[in-house]
Amino acid sequence: MPPANSLGIKVLSAVAELPSRSPTTPLLGPEPNPKRRVALAAGLSLLWGIFTLLAQFSGALDAFEQPLVDWRQSLNTATPHPSDQLGLIAIDNIPAERPWPWSRLDYSLVLRSLIDYAPQSVVFEMNLNDRDTEYTSFDDTFSHIVQRANTVVFASTVMSRTTPTQLPNNLGSIPIHGDIRMILRFGSATWPLDTFAGTSPVGANNLEADSGLRMRRLPLIFILGDKVIPSLVLQATAQFLGADLASSEIQVGRAIFLRSKGGKLLRTVPIDNEGRMDIRFHPGPATSWQASFDNVLVYDDQIQNNIRPGGDLRGLSKRQVWIGRTDPGERERFNTAVGQLSRVEVQLQAERTILDQDYVRPLPPMILAALYLLIGVAGAAALIRLGPLHAAALLGITSAFWFESSIFFFRLYNVILPLPSFAMLVFGTFAVGLLASYWDLEPESDSR
């Protein structure tokens, strides 16, 4: 039997030859297969990017995106405004001794005062369909002045009840192509009286607001019975541009193509599947010329007597002049990106959007998809190559650049760079990158 001290030396020698690390402890040295781990991170981020794009394009994030678009519209922009093509005569005061609605005599007097200053056309935003003798006694006078004016556009209101109403025999229809199931459909309408409207152009003044009277988009077309009729904004725009609605064309979900009788394309107005257009709101007054309804007669009298007027009606030449209520008693005041607006002010903003071709435009889907997938793959690969801290800093810089770019491009070009989906992309990219960095890529060895 060997001595005890010799046996101890052998045991110590055997212990010294054992591995210095447990097999279960992860290696702290270089990553044995970095390419596989980067490929895993890129694949996971690619899947997350596709999921984010599906959420963006399906509209699942619109509830988060729309308030941010409203905020961007509230900022001052480089677009010149207010409009120098439109004017507003605002009914901003309804005295107790002259309750609403007013007699057609009031409109006759104001319209007569405007004729001498050659406005391009006049649009009455309110419904003039009262048959009570209190309002119709001056219809002959009103009709005569309407015929003398260049063009007068009247408003109607379409209603959902199915009981048919007598509509003008010359009511036309705009050619339409595509799926019309989502277009707003109505069975009847209040129409301006033939006693003064005659063959004047008519458009529906219906506005469709979101919850809380939040106004972001405006319907431009409606289906009345079996015909497609224009909104008041579209009718007024067509009249101002000299477009012929019968020669124009609607492609549902794409655009309304306004053309002249000769077929010349005058405007391309983007619409959704419901025939609605996003309104590009601007802070400040919608028009550069505005006056109170009660002051028009005063200004006209001052000009006729060579007195400097408080508001120069001669500035109305070649403008389209809208007449509508803006008084505090107006029931429908809509919440918009630039504050509360009356019905006529909303419609002026909408027409200015079309005339100036100042449309709100989303980033083209193919460009957005390419950017999202590129950022996602590059961010996840950076996390593997550079580590979490450096990757987080890189993604933070990218996010700040995207946010600043979203303001810059919207102010200059009305292009929307989405923010909620981008935040979703960035956080998801970081998460899948971390997951890939800790993923065990080595198969378990056989213990036998």
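The values are calculated or read from the model by the stated rules, or taken from the named source; none is laboratory data. This one's a predicted model, so the numbers in the text were calculated from it and none came from an experiment. Every residue, glycine among them, receives a Cβ derived from its backbone with ideal geometry; neighbour counts consider all protein chains shown. These area figures cover heavy atoms from the full protein model, side chains too; ligands, DNA and RNA do not enter into them. Shrake-Rupley method; radii C 1.70, N 1.55, O 1.52, S 1.80 Å.
Observations on the structure shown:
- Residue count for the range 313-340, restricted to those that are out of contact with any Ser or Thr (no Cβ under 6 Å at 6 or more places or on another chain), open to solvent by less than 20 Å² (accessible area, probe 1.4 Å) and outside any helix (DSSP H, G or I): 7
- Picking from residues in the range 402-448 that are at pLDDT 90 or above and polar (S, T, N, Q), the one that is surrounded by the fewest Cβ atoms within 10 Å (Cβ to Cβ) is Ser405.
- Checked against (1) open to solvent by less than 40 Å² (accessible area, probe 1.4 Å); (2) closer than 20 Å to Asp358 by Cβ, Leu241 meets all criteria but (1).
- Residue selected from the range 191-231 under the condition among the β-branched types (Val, Ile, Thr) and at pLDDT below 90, by the criterion most open to solvent (accessible area, probe 1.4 Å): Thr199
- Matching residues, the range 271-312, being among the polar types (S, T, N, Q), part of a helix (DSSP H, G or I) and either free of Cβ contacts under 8 Å to residues at least 12 places away in the same chain or open to solvent by 70 Å² or more (accessible area, probe 1.4 Å) (or both): Gln302, Gln304
- Every residue from the range 312-339 that is more than 17 Å from Arg214 (Cα to Cα) and either out of contact with any strand residue (DSSP E or B) (no Cβ under 8 Å at 6 or more places or on another chain) or hydrophobic (A, V, I, L, M, F, W, C) (or both): Asp312, Leu313, Arg314, Leu316, Val321, Trp322, Ile323, Pro328, Gly329
- Pairs meeting the criteria (first residue in the range 184-199 and touching a residue at least 12 places away in the same chain (Cβ under 8 Å), second residue crowded, with 18+ Cβ neighbours inside 10 Å and acidic (Asp, Glu), beta carbons under 6 Å, at least 6 apart or on different chains) are Thr195/Asp139; Phe196/Asp139.
- Residues of the range 341-362 that are open to solvent by 30 Å² or more (accessible area, probe 1.4 Å) and under 25 Å from Ser406 (Cα atoms): Asp356, Gln357, Arg361, Pro362.
- Among the residues making up the range 244-255, those that are open to solvent by less than 10 Å² (accessible area, probe 1.4 Å) and either in contact (Cβ under 8 Å) with a residue 40 or more places away in the chain or of a type in the set (Phe, Trp, Tyr) (or both) are Ser248, Ile250.
- Given (1) surrounded by 14 or more Cβ atoms within 10 Å (Cβ to Cβ); (2) touching an Asp or Glu at 6+ places or on another chain (Cβ under 9 Å); (3) assigned to a loop (DSSP other than H, G, I, E, B), number of the condition Trp102 does not satisfy: (2)
- Index of the failed condition, Gly87 passing every other in (1) more than 19 Å from the chain's Cα centre (by Cα); (2) small (Gly, Ala, Ser); (3) surrounded by fewer than 20 Cβ atoms within 10 Å (Cβ to Cβ); (4) not in a helix (DSSP H, G or I): (3)
- Applying the criterion of being over 25 Å from Leu207 (Cβ atoms) and of a type in the set (Ser, Thr, Tyr) to the residues of the range 114-169, the residue that is modelled with the lowest pLDDT is Thr133.
- Condition met for Ser45 (of a type in the set (S, T, N, Q) and in contact (Cβ under 8 Å) with a residue 24 or more places away in the chain): yes
- Condition check for Asp358 on (1) in a helix (DSSP H, G or I); (2) touching a residue at least 60 places away in the same chain (Cβ under 8 Å); (3) among the charged types (D, E, K, R): one failure, at (1).
- Candidate set: the range 167-202, residues that are among the aliphatic types (A, V, I, L, M) and within 30 Å of Arg148 (Cα to Cα); chosen: the one nearest to the chain's Cα centre (by Cα): Ile174
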